[in-house]
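A quick write-up on the structure given underneath.
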Amino acid sequence: MKSRHALFIGGFVVVVSFASLRAIPAQMGPALGDPLAGLPTSVLGAFLQGKERFRAEETPATGLGPVFNGRSCVTCHSVPAVGGSADDLDKRVVRFGRQSLGAPFDPLLILGGPNLQRLSVAAELPGCQTAGEVVPAQANAVGLRQPPPLFGLGLIEAIPEATILANEDAEDANGDGIAGRANINAGVLGRFGWKASVSTILQFVGLALVNELGVTNYVFPHEMSPQGQPVPSECKVTGDPEDADASRLAGHLAFLTFLSPPPRGPITAAVQRGESLFAQIGCASCHVPSLRTGPNSIQALDRKEVPLFSDLLTHYMGVALDDNIPEGAVGGGRWRTPPLWGLRTRKFFLHDGRAADLRTAIASHAGEARQVRDRFLALPRPAQDDLIAFLQSL
C-alpha cells in the first residue's frame, strides 16, 4: 500500500510518496551530507527523496538547457559530500555586466547577462546550432564565484530577521571600523549567496535550476536567452515550466532545508588557544560564532544554536575583492560574511576561490576587515598557527 504525505516547507507544499523508499535507518550523529538529527519519519523521507533528486542528471528531454553549466546539482556541490562545494576552479560561476561612470549597473540582459552559461545542448539535439555563451566584449565587469557549500541552510533560514538585524551597524556607530549591513532589497532581507542577495532556500533553488541547469520552474518560469537571443525551436523539446510537477523544486527544497551543518573537527589545545585569539583580535565581530533559530514546527529547527561563524550581513572588503557587480542593495565591494563552519573541508577560499590556503585568504581581507587582518599579521608565528588550527577545526 502506497503512503503519501504532504509537508509545508518554506511556503511550498512537498508531497512525498514512500512507495519507492528504502528502509530508513535510525539516525546517529549527523555526518557531512546527512540530515538533521531527530527528524520525523515523513520529513526524513522527503529529505531522502530530495537527495536523490539533487544527484539526478538532467537531459534535454527533462529540461536541460538550451544553455547550462551543469547536468546535475552535484556537478558543483559534491566536496567533501553531497551538498558541499566544487572539486575544481572550473566549476566557478561567471557573472558579468557593464559599469559606466555615473550610470546604473547594466547587467547586459540583451547579451545574455548577468550569468554566463558555458555549455549547450547542441551536440544532443539534431539541428540545434546554439553554442555555449561567452563573456561579451561590452562587459567591463566580470566576477567569478565558487559554488558555496550548502550544509545547514535550513538552520540559517530559521534564524529570525530581528536576530540578524540586531548586529547591523551600517554607520559604524561604535567606531570599530566595521559597518555590517543587511542586503535588503524591496523590503526583503537576503541571507544566502555571496552577497546575501537571496532571501529563501526556495528562491535559491529556483535560481540554481534555471541559471545553472536551464530548467524553468514555478519560481523562475522563463528560459534563459542564449547570449540574449531567442531560443531556437531546434534547441528545446520541452514546454515551460520544465519542472512541471515541481518535483525538483520540492525535492531540492526538502534536501537543503534538512541538510545538517558540518560537524566540528577535533579540538586540541592549539585549537582552544586559537579560538581565544579569534575573539581577541576581532574576527568574531563579523564571524559571529553563533546565532539562534526562532520557534519552528520542526523540532530539529526549533530554537537551536547555529554555530555558523557569520553575522549574515555584508561588509566592504576593499578594492582587491571588489568585482564591480552589485546584487540587490549592495555594491561590488560588499560581501556577506561567509559562514566558517565546514571550513576544514574546503579546497578554495574567498568568493572566487583565489586563495588556496587560509593565511592567503586572511591576508586578502581589507576594507572593514583591515584592522583585524593587521592584528593577525602582527601575531607571532606560533599564535598565527594556533588561530589557523582553530579555523581548520571548524
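We did not get these values from a lab; they are worked out from the coordinates using the rules stated. Owing to the predicted nature of the structure, the values given are computational and were not obtained by experimental measurement. A quick note on method: Cβ atoms are made from the backbone with ideal geometry, for glycine too, and the neighbour counts reach across all protein chains shown.
Laid out as a table, the results:
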{"quantity": "Answer label for semi-axes √(5λ) of the Cα gyration tensor in Å (calculated), chosen among (i) 28, 25, 22; (ii) 34, 28, 19; (iii) 26, 25, 22", "calculated": "(ii)"}
{"quantity": "Principal axes of the stretch 108-184: Cα extent on each, largest first, Å", "calculated": "61, 33, 19"}
{"quantity": "Using distinct alpha-carbon pairs, which all enter the 1/r mean, Kirkwood radius of the stretch 312-391 in Å", "calculated": "13.5"}
{"quantity": "Under the Karplus curve 6.51 cos²θ - 1.76 cosθ + 1.60, θ = phi - 60°, whole-Hz ³J(HN,Hα) for the stretch 153-164, x wherever Gly or Pro sits", "calculated": "4, x, 5, 5, 5, 7, 6, x, 4, 4, 5, 5"}
{"quantity": "Compactness relative to 2.2 N^0.38 Å, alpha carbon Rg of the stretch 40-110", "calculated": "1.58"}
{"quantity": "In the stretch 201-289, trypsin sites (Lys or Arg not before Pro) in a DSSP loop with at most 15 other beta-carbon atoms within 10 Å", "calculated": "R264"}
{"quantity": "Segment A56-L101, extension gain: residue separation times 0.36 nm, minus the distance between their alpha carbons", "calculated": "11.7 nm"}
{"quantity": "For the chain, calculated [θ]222 nm from helices alone, where every DSSP H run of n ≥ 4 adds -39500 (n - 2.57)", "calculated": "-6000 deg cm²/dmol"}
{"quantity": "Selection of trypsin sites (Lys or Arg not before Pro), the stretch 285-331, meeting DSSP coil and at most 12 other Cβ within 10 Å", "calculated": "R303"}
{"quantity": "Cβ-based net charge around T238, under 12 Å, with every Lys or Arg adding one and every Asp or Glu removing one", "calculated": "-4"}
{"quantity": "Residues with amide H under 5 Å from that of G318, placed H, sequence gap 5 or more", "calculated": "G367, E368"}
{"quantity": "Cut-off under 5 Å, modelled amide H: who pairs with K236 long-range", "calculated": "none"}
{"quantity": "Pairwise Cα inverse-distance average, inverted: Kirkwood Rh of the stretch 204-261 (Å)", "calculated": "12.2"}
{"quantity": "Karplus (6.51, -1.76, 1.60) ³J(HN,Hα), θ = phi - 60°, over the stretch 325-334, in Hz, Gly and Pro reported as x", "calculated": "10, x, 9, x, 9, 10, x, x, x, 9"}
{"quantity": "Solitary cysteines of the chain, where the nearest other Cys Cβ is not under 4.7 Å", "calculated": "C73, C76, C283, C286"}
{"quantity": "Three-way shape label, the stretch 336-379, alpha-carbon gyration tensor, a/c 1.5", "calculated": "prolate"}
{"quantity": "Charge dipole (debye, nearest 20) of the stretch 33-106; +1 at Cβ of Lys and Arg, -1 at Cβ of Asp and Glu", "calculated": "160"}
{"quantity": "Within a Gaussian network of the chain (alpha carbon springs, distance under 10 Å), most fluctuating of Q384, Q146, Q49", "calculated": "Q384"}
{"quantity": "Cβ charges +1 (Lys, Arg) and -1 (Asp, Glu), total dipole of the chain, debye", "calculated": "740"}
{"quantity": "Cα convex hull volume per residue for the stretch 211-347 (Å³)", "calculated": "197"}
